[in-house]
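Have a look at the structure below before the remarks.
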Amino acid sequence: MDANRTLALFERLVEIESPSWHEAEMARACEAELQDLGFTVTFDGSAEQTGSDVGNLIAHRSGNADGAVAFSAHMDTVKPCAGICVMRVEDERGEVLCSGGDTILSADDKAGVTAIFEGIRSMLEAGGPLPDVWVILTTCEEQSLLGSGALKAADVPQGVDCFVLDADGAPGSVVCNAPCHHTMDVAICGKSAHAGVEPEAGVSAIQVAARAIADMQLGRLDGATTANVGVIEGGVATNIVADACSFQAECRSLFPERADEAKRQMTDAVTRACERAGAHADISWTLDYPEVACAEEDAIVRRAKRAIEACGLSFQAVRTGGGADANCLRGLGVNAITLGTGMANFHATTEYIKVQDLLDDARLVEALIAEYAGS
């Protein structure tokens, strides 16, 4: 692993503006990098579904030994991401990379992309045995995993262990448990009336929604389950009893049966509120992604641990309340798991990553390739 080359590549990638739905320039840079590494690169047809200006990138390079391994990261970032300027500073945190303070850094997830490219390049230069290697770079991850959610099973390597470099936590941390995620869409239909002349003739859809939401169990329901209402819309004027109101909510859990119970409770709250007021509601639920549930005894975790320890890093099994592309990949038959990269304060203008963490990310990719060569 070449430290100077790694840092230079990271700086070059983060300077590419690639907010969700506008990843095309980043995709072209990644395509060129992978082709230079001997990969065959394709893009899927997901752009039509996601609304992005490019599809998910899927690349493959045949190895000279038995075994196969895949790596994944995402190409999009949150905003503000225009004109990112990487600064290298040393302070109480150690030697870190950060932005000038007006933008994010986009270590989420360009640290992951950088590590994948440098780890592969370094192993190719070493000339040792290499497994088949797949690289999956997604769009619109920051939009509830839109890109990976649009992948097709036929386009991804079935049954192959895949390491998604896209979590906080130091290199060496492995996300063994992540929740399933369900989205609720509710449209309540009441009856309009003049609010000053005959309000009793109307049925306020806004009031029905308010009563339903107040009756829901929201927030942290238990140690593994959460629920939230995030968006509500309704009404056209203050002097009209609103005949329509809609809202969007979610629930997630490490255990599918607990998510199902949260869904039932939230649905029942809407049904009861409508029945009391004489309103009607259209309710739909969507499974955005399934859970990740791995034990430390599982083969993929044991192999990750061996690679982590081969780098001199400390293995740590963790669980999270957020989803990642690994959730969607698992739903498609890819044995995916997420790794910590060391990114910190992501989605904020105070985002940073330690220089050593970025270098350790690349070293871990090297070790994982070595682990899967000949297996």
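The values are calculated or read from the model by the stated rules, or taken from the named source; none is laboratory data. This one's a predicted model, so the numbers in the text were calculated from it and none came from an experiment. All Cβ positions, glycine included, derive from the backbone under ideal geometry; neighbour counts span all protein chains shown.
Can you tell me which residues in region 191-238 are of a type in the set (S, T, N, Q) and over 30 Å from residue 323 (Cβ atoms)? Hits for region 191-238 are 192, 204, 207, 238.
Only residues that are within 23 Å of the chain's Cα centre (by Cα), over 23 Å from residue 364 (Cβ atoms) and of a type in the set (Asp, Glu) were counted across region 275-308, and they come to 2. Would a scan of region 309-318 turn up a residue that is part of a helix (DSSP H, G or I) and either more than 15 Å from the chain's Cα centre (by Cα) or in the same structural domain as residue 253 (by TED's automatic domain parsing) (or both)? The answer is yes; a qualifying residue exists.
For region 89-111, the criterion of being touching a Lys or Arg at 6+ places or on another chain (Cβ under 8 Å), surrounded by 24 or more Cβ atoms within 10 Å (Cβ to Cβ) and under 28 Å from residue 314 (Cβ atoms) is met by none of the residues.
Of the candidates 135, 96, the single residue that is within 27 Å of residue 295 (Cα to Cα) and in contact with a strand residue (DSSP E or B) (Cβ under 8 Å, 6 or more places away or on another chain) is 135. Of everything in region 191-208, what is buried (at least 18 other Cβ atoms within 10 Å of the Cβ) and in a strand (DSSP E or B)? Give them in sequence order. Matches in region 191-208: 203 only.
When region 219-252 is limited to residues that are free of Cβ contacts under 8 Å to residues at least 12 places away in the same chain and under 31 Å from the mean Cα position of the chain (by Cα), the one that is surrounded by the fewest Cβ atoms within 10 Å (Cβ to Cβ) turns out to be 219. Looking only at region 30-53, residues that are of a type outside the set (S, T, N, Q), out of contact with any His (no Cβ under 7 Å at 6 or more places or on another chain) and surrounded by 19 or more Cβ atoms within 10 Å (Cβ to Cβ) come to 6 in all. Just to be sure before I move on: is residue 360 at pLDDT below 95 and charged (D, E, K, R) in the structure I sent? It is false that residue 360 is at pLDDT below 95 and charged (D, E, K, R). Hey, any hits in region 6-21 for a residue that's part of a helix (DSSP H, G or I) and out of contact with any helix residue (DSSP H, G or I) (no Cβ under 8 Å at 6 or more places or on another chain)? Yes, that holds for at least one residue. Look at (1) crowded, with 19+ Cβ neighbours inside 10 Å; (2) in contact with an Asp or Glu (Cβ under 9 Å, 6 or more places away or on another chain) and you find that residue 374 fails only one, number (1).
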